[in-house]
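To start, the structure under review is shown below, and the notes come after it.
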Amino acid sequence: MSSGVTRVWGLGGVGGGSMEVMTARLTHFAINTDDVEATQAFYGSVFDWQFRDYGEAGFVQILDASGETPMGAIQQRRQLLDNAPTLGFECTFGVESVDTVRERVLAAGGKILMEKSTIPGVGHLLAFEDPGGNPALVMEYDSSAA
């Protein structure tokens with residue numbers, strides 16, 4: 001039974017200090033796989049998804065119903081966590097500043113898995129692990145990123 005109370009964590013910052021509110025919304029997901037073609041065929045059959053090759057080999061964009069806008073990706077499995085292949089869906093959240101998220105992750109007890117990197121024409125990406133061992137990514141979208 002719900003009490004009707006919504007808890008908002010982090011508005012006071014770690015340690016209760018003043019901090020700007022950081023908004024994050026799910027902007028991208030990736031399905032990690034050992035066989036990109038078979039996974040593409042599976043999801044194409046199940047959800048009628050459309051695909052297009054993008055970037056390096058082993059990376060395929062999943063397109064929305066219009067066939068024009070990327071909504072996710074199927075990618076060759078990678079290993080974000082030490083000694084553990086990435087299983088399941090990998091989520092990326094759009095944020096205003098990956099640098100601010102990096103500071104907050106470390107202050108809140110998380111671990112940086114991949115330092116800030118730039119995807120030209122897309123933006124800046126950072127991967128981290130939460131205290132429960134879950135990997136997540138954040139993207140600071142910037143079409144002028146080089």
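Bear in mind that the values in this text are calculations on the coordinates, not laboratory data. Quick caveat, the model's predicted, so the values are computed rather than measured. Counting neighbours? That spans all protein chains shown, and the Cβs are built from the backbone with ideal geometry, glycine included.
Things to note:
- FRET efficiency, E96 to D53 (Cβ-Cβ, R0 25 Å, nearest 0.05): 0.25
- Backbone geometry of the stretch 89-96 corresponds, through the Karplus equation with coefficients 6.51, -1.76 and 1.60 at θ = phi - 60°, to 3J(HN,Hα) couplings of 7, 9, 9, 10, 10, x, 9, 6 Hz, x marking Gly and Pro.
- Against the main long axis of the alpha-carbon atoms of the chain, helix 36-47 sits at an angle near 80°.
- Fewest-first ranking of V101, V36, using other Cβ atoms within 10 Å as the exposure measure: V36, V101
- Among the GluC sites (Glu not before Pro) in the stretch 51-146, those located in a DSSP loop and surrounded by at most 16 other Cβ atoms within 10 Å of their own Cβ are E56, E68, E96.
- Look at R104, R78, R25, R52 and count the other Cβ atoms within 10 Å of each Cβ; fewest to most, that gives R25, R52, R78, R104.
- Modelled FRET efficiency - R0 35 Å, E103 with N83, Cβ distances, 0.05 increments: 0.85
- For the stretch 34-99, the relative contact order is 22 percent, taking Cα pairs closer than 8 Å that sit 6 or more residues apart in sequence and dividing their mean separation by the residue count.
- Dipole magnitude (debye, nearest 20) for the stretch 20-100, charges at Cβ of Lys, Arg, Asp, Glu: 120
- Summary: within the chain, the longest segment free of chymotrypsin sites (Phe, Trp or Tyr not before Pro) located in DSSP loops with at most 15 other C-beta atoms within 10 Å is 55-146.
- Relative contact order %, the chain, counting alpha carbon pairs below 8 Å whose residues are six or more apart: 20
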